[in-house]
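First comes the structure, then the notes that go with it.
Throughout, read-outs are computed from the coordinates displayed, never taken from laboratory work. It should be emphasised that the depicted structure is a prediction, and the values quoted were computed from it without experimental measurement. Cβ sites come from the backbone with ideal geometry, for glycine too, and all protein chains shown count toward neighbours.
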Amino acid sequence: MNKLWGGRFQKSPEKWVDEFNASITFDQLLVEEDIEGSLAHVEMLKKTAILEEAEAEAIKTGLETLKQKAQDGELSFSVQYEDIHLNIEKLLIDEIGPVGGKLHTGRSRNDQVATDMHLYLRNHVEMIVQQIEELQSVLVEKAEQHIETIIPGYTHLQRAQPVSFAHHLLAYFWMLGRDKERFSESLKRINVCPLGSAALAGTTFPIDRKYTAELLGFDKIYPNSLDAVSDRDFIVEFLNNSSLVMVHLSRFCEELILWCSQEFQFVEMDDAYSTGSSIMPQKKNPDMAELIRGKSGRVFGNLMSLLTVLKGLPLAYNKDLQEDKEGMFDTVKTIEGCLKIMTGMIKTLKVKKDRMEQSVNEDFSNATELADYLAKKGLPFREAHEVVGKLVYMCIEKGIYLKDVPMEQFQQAHPLFESDVYDVLNPYNAVNKRNSEGGTGFLEVQKQLELAKSYINK
């Protein structure tokens with residue numbers, strides 16, 4: 001079978017070489033973007049009189065027919081035509097005759113594929129930004145229900161200080177906020193049109209690149225044709241932003257996995273986001289959270305893969321760049337799936353408030369409150385720290401907590417202790433008093449919630 005580029009070749013590749021060379025098995029995901037770009041291109045060819053109006057209209061009609069067939073799942077693609085671009089061109093020629101071969105006037109597959117990926121990422125990044133906002137909204141809803149729910153706060157995975165559960169949830173809200181900003185800002189670099197740069201040097205045809213860009217909704221065009229066809233920075237940036245999202249989701253999932261264990265029992269996953277064991281009837285496994293945590297690895301890998309592909313490439317287009325797509329497609333699918341699952345998982349999460357309260361009453365996470373108590377009475381904090389440290393050691397030896405220490409022992413430890421010390425040790429009071437800006441005090445958390453709501457509604 002003749003190749004659409006085969007004029008100078010005397011023999012065709014063997015079938016297995018064709019299969020190795022082809023990208024149609026995965027770049028067919030760009031079918032709608034490819035047709036969209038072609039429709040704009042042919043409209044520009046008509047406007048600039050490069051094609052006659054009748055020719056352009058025939059091509060547009062054929063492309064619209066292919067677009068409908070694509071949406072209906074009626075298009076069949078062949079490895080023999082390598083990629084989505086040549087497959088569409090062949091299908092167009094089959095649909096309307098030889099005039100379909102004029103579609104490729106004034107462009108190359110190099111600028112065509114770059115345009116397709118810009119369009120694809122623009123659509124999906126906008127969708128991802130929306131998904132992040134949906135997850136943020138669910139976090140705000142859950143946080144509003146648990147402003148005065150107290151959970152142990154940890155450093156080094158050791159009990160540190162009690163905090164509002166809402167405060168803990170909102171930490172992830174702000175992480176996701178930065179993710180949303182990064183994706184939104186990346187649209188400036190995604191929404192740039194390479195079409196009309198042709199293979200690498202532009203074209204001798206009197207094309208109007210700005211008109212094509214306008215038809216496709218791009219903000220501007222690449223000013224350099226070499227850069228336009230070889231640039232994959234916008235994909236690297238997308239993969240980097242996606243990797244950071246996965247870091248945040250993975251960290252959150254790690255905590256959820258810990259919290260729903262028998263050792264913590266702070267939360268319970270909804271049955272819809274859990275699975276059982278084939279051998280142990282009692283098991284309820286947080287598999288969706290574990291999968292999100294695990295899928296972070298493939299997203300990181302896709303980033304490293306593309307960076308490695310790009311690092312040694314000379315200008316302009318090289319076949320190596322065919323390796324830019326599968327990782328991008330996989331990351332889009334992974335990110336969108338993880339955000340959807342995470343949103344449902346948090347929305348349906350059962351919070352065991354009583355168990356959290358029990359935990360903060362059976363630890364030493366109020367020790368800092370005791371040191372602050374002495375410092376506020378004039379004792380240098382470093383001395384207060386030592387006094388309380390010795391009290392904690394004494395409690396551990398006796399198997400009691402600070403709230404159980406008799407008044408006389410407090411005063412033996414230091415005469416500045418008075419009867420109000422027990423109010424200070426109450427976890428609820430300890431959290432409520434931390435009203436420094438951005439702190440976990442209930443008033444500050446309420447302010448933070450209002451700020452979060454206004455941020456979502458921007």
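List of remarks:
- Residues within region 137-161 that are touching a Lys or Arg at 6+ places or on another chain (Cβ under 8 Å) and among the aliphatic types (A, V, I, L, M), tallied: 2
- Among the residues making up region 178-233, those that are polar (S, T, N, Q) and over 14 Å from ASP111 (Cα atoms) are SER184, SER186, ASN191, THR204.
- Scope region 79-96; condition more than 12 Å from VAL31 (Cβ to Cβ), touching a residue at least 12 places away in the same chain (Cβ under 8 Å) and over 33 Å from the mean Cα position of the chain (by Cα); matching residues: GLN80, TYR81, GLU89, LYS90, LEU92, GLU95, ILE96
- Out of GLU237, GLU214, sole residue that is under 26 Å from the mean Cα position of the chain (by Cα) and of a type in the set (Asp, Glu): GLU237
- All positions within region 330-361 that are among the aliphatic types (A, V, I, L, M), closer than 26 Å to GLN145 by Cβ and assigned to a helix (DSSP H, G or I): LEU339, ILE341, MET342, MET345, ILE346, MET356, VAL360
- Scan of region 133-169 for residues that are assigned to a helix (DSSP H, G or I) and either touching a Phe, Trp or Tyr at 6+ places or on another chain (Cβ under 7 Å) or surrounded by 23 or more Cβ atoms within 10 Å (Cβ to Cβ) (or both), ordered by number: LEU135, GLN136, LEU139, VAL140, ALA143, PHE165, ALA166, HIS167, LEU169
- Of the helices (runs of 4 or more DSSP H) lying entirely inside region 392-432, those containing at least 2 residues that are more than 20 Å from GLU357 (Cβ to Cβ) are 407-413.
- Set side by side, the residues ALA198, ALA228 differ, and just one is of a type in the set (Gly, Ala, Ser), buried (at least 19 other Cβ atoms within 10 Å of the Cβ) and assigned to a helix (DSSP H, G or I), which is ALA228.
- Scanning region 274-329 for residues that are farther than 24 Å from LEU249 by Cβ, of a type in the set (S, T, N, Q) and assigned to a loop (DSSP other than H, G, I, E, B) yields a count of 4.
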